[in-house]
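Novice: Okay, here's the structure, questions in a sec.
The values are calculated or read from the model by the stated rules, or taken from the named source; none is laboratory data. A quick note: this is a predicted structure, and the numbers were derived from the prediction, not measured. Cβ sites come from the backbone with ideal geometry, for glycine too, and all protein chains shown count toward neighbours.
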Amino acid sequence: MDKDKKLRSQEWFGDDGKMGFIHRSWLRNQGYPDDYFEGKPVIGICNTWSELTPCNAHLRGFADVVKRGVAEAGGFPLEFPVTSLGETLMRPTTMLFRNLASMDTEESIRANPLDGIVLLTGCDKTTPSTIMGACSVDLPTIVVPGGPMLNGRFRGEEIGSGTFTWMIKEKQETEGFSEEDLREAEVCMSRSNGHCNTMGTASTMATMSEALGLTLPGASAIPAVDSRKKLMAQLSGRRIVEMVEEDLKLSDVLSRKAFENAIAINAAVGGSTNLIIHLLAIAGRIGVPLELDDFDKIGSNIPLLVNLMPSGEYLMEDYYYAGGLPVVVKELSKHLHDDTISVNGKPITENSADAECYNRDVIASIDDPVKENAGIAVVKGNLSENGAVIKPSAATPELMTHRGRAVVFESYEDYHERIDDPDLDIDESCVIVLKGVGPKGYPGMPEVGNVDLPAKLIEKGVKDMVRISDGRMSGTAFGTVILHVSPESSIGGTLALVENGDMIELDVPGRRLHLDVPEDELERRRAEWSPPKPRADRGYTKIYLEHVEQSDIGADLDVLKGGSGSGVGRDLH
Ligand code: FES
Ligand code: MG
């Protein structure tokens with residue numbers, strides 16, 4: 001940074017009149033000496049700690065480690081809380097609140113005397129929400145991912161958070177899995193601090209942060225309880241102070257090429273489909289053009305290199321010991337841009353040039369990948385004009401081209417009521433269609449796309465069926481599941497018009513999703529269709545319903561796109 005350029009925080013603290021007095025005096029009830037206000041970079045530590053977000057519960061004390069680093073480098077650390085979003089408790093879905101949390105982050109940063117930002121993140125939405133908010137202000141910013149839990153261990157077997165959850169119904173139906181078994185498995189699965197230990201959405205979001213260049217090299221895979229996590233946090237605290245001095249802002253790191261790298265890397269690690277929506281939303285905030293089709297174009301020919309649940313066998317702890325993301329970046333280097341910059345000022349490719357793999361079962365080499373062509377496929381057709389997505393690495397190969405009879409559920413409640421009805425006319429060749437779970441429909445686009453199969457088919461040994469919805473799927477889940485159908489049913493997308501018995505054609509290799517009903521019949525149904533009543537008439541949900549966009553462009557609120565910079569013209573008195 002130009003040595004004569006004044007720090008942003010000096011607009012508050014550098015005033016030698018009444019306002020400077022106000023800005024400093026109250027803060028001094030914590031005892032900071034004079035020199036803290038005389039040109040030290042002020043670093044905001046944005047903490048998503050909450051006991052209601054168990055995956056982030058350790059971040060409360062963790063912030064102190066970051067502060068240590070900030071202070072050592074000559075900065076002035078000030079921690080602040082923002083809305084925390086916990087996947088496992090919040091109803092109806094954290095996705096309803098991602099944009100709210102991003103607003104909280106944005107306004108908290110801009111309104112305060114901060115020069116640089118550390119985002120302490122963990123559980124799924126706490127990463128994209130804080131990055132989105134920070135992008136709309138665009139100060140120097142570094143992400144410190146809270147890290148995954150240790151491997152779950154249950155009766156001699158390794159079990160993955162989330163992924164195990166999706167097997168419970170099957171275990172209860174076929175193995176006599178009892179209430180006591182369930183209780184025991186609960187503690188065994190979640191045995192340490194941290195977020196889900198599979199390559200679910202939280203690990204995917206941490207990986208994305210590192211792939212975009214927003215973390216120190218190698219930060220994302222370190223387990224939450226490993227001492228090296230603290231080391232990384234302390235070094236991140238030091239580094240953010242330098243970033244302020246260098247004026248290395250989010251917009252310098254988040255180039256179009258950085259997004260392309262993140263898409264390719266997500267394919268190689270078998271990351272969550274939720275990445276699509278969050279990355280599109282982040283791009284929208286920082287002003288980088290990015291489209292749903294980019295995920296298919298850039299990601300679908302990338303090989304799967306990482307053998308982690310839900311696509312594979314291992315867990316995040318194994319992945320960290322095998323070398324973590326730097327190994328993946330090194331293997332993938334010919335598919336990546338090498339002229340991006342990360343928070344340490346260097347491209348992620350350069351940062352990873354010396355990475356070594358310590359376990360080829362966990363991270364494969366590019367010459368002998370776990371699977372060719374992983375990534376995400378975008379399917380379009382009359383059933384999804386703006387697109388829908390599928391994660392082929394988590395799907396059944398035989399179902400990737402399929403024609404089947406639709407069994408339609410008009411809402412998630414309708415699904416629950418009827419799915420296990422012994423008289424339900426359904427077999428394994430059918431296509432389960434779930435409506436009303438898109439951004440506006442639910443509202444909030446819950447992770448229900450991977451609905452359980454009917455009990456009677458599970459008992460017969462059926463493991464997978466084609467399922468289609470406008471909802472999302474947990475990053476820890478699997479199956480031949482078509483998600484994010486856009487436009488969604490509750491705004492009158494063709495999905496709204498599907499009826500029981502219609503034939504649906506899925507052709508993933510041909511990127512096609514087709515409802516085989518004549519156009520004049522669809523027109524007749526469309527004329528009869530009327531939108532559902534809005535699900536809220538006050539509060540945040542009403543604002544959300546009025547402004548949320550479709551999932552193919554990131555499901556952000558239209559009024560939040562872009563940024564307003566870090567300037568604030570007016571003072572408080
Ligand atoms: Fe928080 Fe999975 S529930 S990361
Ligand atoms: Mg999740």
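Novice: Against the condition crowded, with 24+ Cβ neighbours inside 10 Å, of a type in the set (A, V, I, L, M, F, W, C), more than 16 Å from ligand 1 (Cβ to nearest atom) and under 25 Å from K542 (Cα atoms), how does V137 come out, does it pass?
Specialist: no
Novice: Would you say D552 is assigned to a helix (DSSP H, G or I) and buried (at least 24 other Cβ atoms within 10 Å of the Cβ)?
Specialist: Numbers: assigned to a helix (DSSP H, G or I): yes; buried (at least 24 other Cβ atoms within 10 Å of the Cβ): yes.
Answer is yes for this residue.
Novice: Ok, one more. In the stretch 55-83, what residues are out of contact with any helix residue (DSSP H, G or I) (no Cβ under 7 Å at 6 or more places or on another chain), in contact (Cβ under 8 Å) with a residue 24 or more places away in the chain and closer than 20 Å to D104 by Cα?
Specialist: Correct list: A57, L59, A63, L78, P81.
Novice: Right, another one. Pick from F177, F164: which is touching a residue at least 12 places away in the same chain (Cβ under 8 Å) and either more than 16 Å from ligand 2 (Cβ to nearest atom) or of a type in the set (F, W, Y) (or both)? Full working, then the answer.
Specialist: Numbers: F177 fails: touching a residue at least 12 places away in the same chain (Cβ under 8 Å).
Exactly one residue qualifies, and that residue is F164.
Novice: Any idea which of L254, L275 is closer than 22 Å to T127 by Cα, in contact with a Ser or Thr (Cβ under 8 Å, 6 or more places away or on another chain) and buried (at least 24 other Cβ atoms within 10 Å of the Cβ)? Give the derivation first.
Specialist: Numbers: L254 fails: in contact with a Ser or Thr (Cβ under 8 Å, 6 or more places away or on another chain).
Exactly one residue qualifies, and that residue is L275.
Novice: Within the stretch 74-101, count every residue that is out of contact with any strand residue (DSSP E or B) (no Cβ under 8 Å at 6 or more places or on another chain) and part of a helix (DSSP H, G or I).
Specialist: Matching residues across the stretch 74-101 total 6.
Novice: Just give me the residues in the stretch 448-467 being acidic (D, E) and either outside the structural domain of V408 (by TED's automatic domain parsing) or modelled with pLDDT under 95 (or both), in sequence order. Talk me through it step by step, then tell me what you get.
Specialist: Start the filter on the stretch 448-467 by keeping residues that are acidic (D, E), which leaves 452, 459, 464.
The answer is D452, E459.
Novice: Sticking with this structure for a sec: Being out of contact with any Phe, Trp or Tyr (no Cβ under 9 Å at 6 or more places or on another chain) and either modelled with pLDDT under 95 or surrounded by fewer than 11 Cβ atoms within 10 Å (Cβ to Cβ) (or both) is the requirement here; does G569 meet it? If you could, list the steps in order and put the result at the bottom.
Specialist: Working: out of contact with any Phe, Trp or Tyr (no Cβ under 9 Å at 6 or more places or on another chain): yes; either modelled with pLDDT under 95 or surrounded by fewer than 11 Cβ atoms within 10 Å (Cβ to Cβ) (or both): yes.
For G569, the condition - out of contact with any Phe, Trp or Tyr (no Cβ under 9 Å at 6 or more places or on another chain) and either modelled with pLDDT under 95 or surrounded by fewer than 11 Cβ atoms within 10 Å (Cβ to Cβ) (or both) - is met.
Novice: On the basis of being buried (at least 22 other Cβ atoms within 10 Å of the Cβ) and assigned by TED's automatic domain parsing to the domain that holds K435, does I390 make the cut?
Specialist: yes
Novice: Where in the stretch 291-371 are there helices (runs of 4 or more DSSP H), lying fully within it, with 1 or more residues that are under 23 Å from T396 (Cβ atoms)? Talk me through it step by step, then tell me what you get.
Specialist: Working: elements: 292-299, 316-322, 325-331, 348-351.
Of the helices (runs of 4 or more DSSP H) lying wholly inside the stretch 291-371, those with at least 1 residues that are under 23 Å from T396 (Cβ atoms) span 292-299.
Novice: All but one of (1) free of Cβ contacts under 8 Å to residues at least 40 places away in the same chain; (2) closer than 21 Å to T141 by Cα; (3) outside the structural domain of G237 (by TED's automatic domain parsing) hold for P33; state the number of the condition that does not hold.
Specialist: For P33, the failing item is (2).
Novice: With the condition kept exactly as written, say whether any residue in the stretch 405-419 is part of a helix (DSSP H, G or I) and buried (at least 16 other Cβ atoms within 10 Å of the Cβ).
Specialist: If we filter the stretch 405-419 for residues that are part of a helix (DSSP H, G or I), which is where we start, we get 412-418.
Those left that are additionally buried (at least 16 other Cβ atoms within 10 Å of the Cβ): 412, 415.
Checking the stretch 405-419: at least one residue is part of a helix (DSSP H, G or I) and buried (at least 16 other Cβ atoms within 10 Å of the Cβ).
Novice: Filter the stretch 100-151 for residues that are among the acidic types (D, E) and either outside the structural domain of A202 (by TED's automatic domain parsing) or more than 30 Å from M189 (Cβ to Cβ) (or both); which is nearest to ligand 2 (Cβ to nearest atom)? I'd like the intermediate steps shown before the answer.
Specialist: From the stretch 100-151, those among the acidic types (D, E) are 104, 106-107, 115, 124, 138; that's our starting set.
Subsequent filtering for residues that are either outside the structural domain of A202 (by TED's automatic domain parsing) or more than 30 Å from M189 (Cβ to Cβ) (or both) retains 104, 106-107, 115, 138.
Numbers: D104: 20, E106: 23, E107: 26, D115: 33, D138: 28 Å.
Across the stretch 100-151, the extreme among qualifying residues is D104.
Novice: Additional query: Can you confirm whether the stretch 102-119 contains a residue that is in a helix (DSSP H, G or I), within 16 Å of ligand 1 (Cβ to nearest atom), in contact (Cβ under 8 Å) with a residue 12 or more places away in the chain and under 30 Å from L315 (Cα atoms)?
Specialist: Step one: filter the stretch 102-119 for residues in a helix (DSSP H, G or I), giving 102-111.
Restricting the remaining residues to those that are within 16 Å of ligand 1 (Cβ to nearest atom) gives none.
Scanning the stretch 102-119 turns up no residue that is in a helix (DSSP H, G or I), within 16 Å of ligand 1 (Cβ to nearest atom), in contact (Cβ under 8 Å) with a residue 12 or more places away in the chain and under 30 Å from L315 (Cα atoms).
Novice: Scan the stretch 360-375 and report the pairs whose first residue is without any contact (Cβ under 8 Å) to a residue 60 or more places away in the chain and whose second residue is among the hydroxyl-bearing types (S, T, Y), with Cβ atoms within less than 9 Å and a gap of 6+ or a chain change.
Specialist: Within 9 Å, the pairs are D361/Y314; V362/Y314; V362/Y319; V362/Y321; I363/Y319.
Residue by residue, here is whether (1) touching a helix residue (DSSP H, G or I) at 6+ places or on another chain (Cβ under 8 Å); (2) surrounded by 19 or more Cβ atoms within 10 Å (Cβ to Cβ); (3) more than 24 Å from A224 (Cα to Cα) holds:
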{"residue": "L305", "(1), (2), (3)": "yes, yes, no"}
{"residue": "G312", "(1), (2), (3)": "no, yes, no"}
{"residue": "V327", "(1), (2), (3)": "no, yes, no"}
{"residue": "D338", "(1), (2), (3)": "yes, no, yes"}
{"residue": "N344", "(1), (2), (3)": "yes, yes, no"}
{"residue": "L383", "(1), (2), (3)": "yes, yes, yes"}
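Novice: In addition: Can you name the strands (runs of 3 or more DSSP E) wholly within the stretch 421-521 that have at least 2 residues being of a type outside the set (S, T, Y) and surrounded by fewer than 21 Cβ atoms within 10 Å (Cβ to Cβ)?
Specialist: Values: elements: 431-434, 466-469, 481-486, 503-507, 512-515.
Once the strands (runs of 3 or more DSSP E) in the stretch 421-521 are filtered for at least 2 residues that are of a type outside the set (S, T, Y) and surrounded by fewer than 21 Cβ atoms within 10 Å (Cβ to Cβ), what remains is 503-507, 512-515.
Novice: Among the residues of the stretch 454-513 satisfying the criterion of being under 11 Å from L383 (Cα atoms) and among the charged types (D, E, K, R), which is nearest to the chain's Cα centre (by Cα)?
Specialist: D470
Novice: Additional query: Would you check if G284 is of a type outside the set (V, I, T), at pLDDT below 95 and more than 16 Å from ligand 1 (Cβ to nearest atom)? Give the derivation first.
Specialist: Numbers: of a type outside the set (V, I, T): yes; at pLDDT below 95: no; more than 16 Å from ligand 1 (Cβ to nearest atom): yes.
Considered against the rule, which asks whether it is of a type outside the set (V, I, T), at pLDDT below 95 and more than 16 Å from ligand 1 (Cβ to nearest atom), G284 comes out as no.
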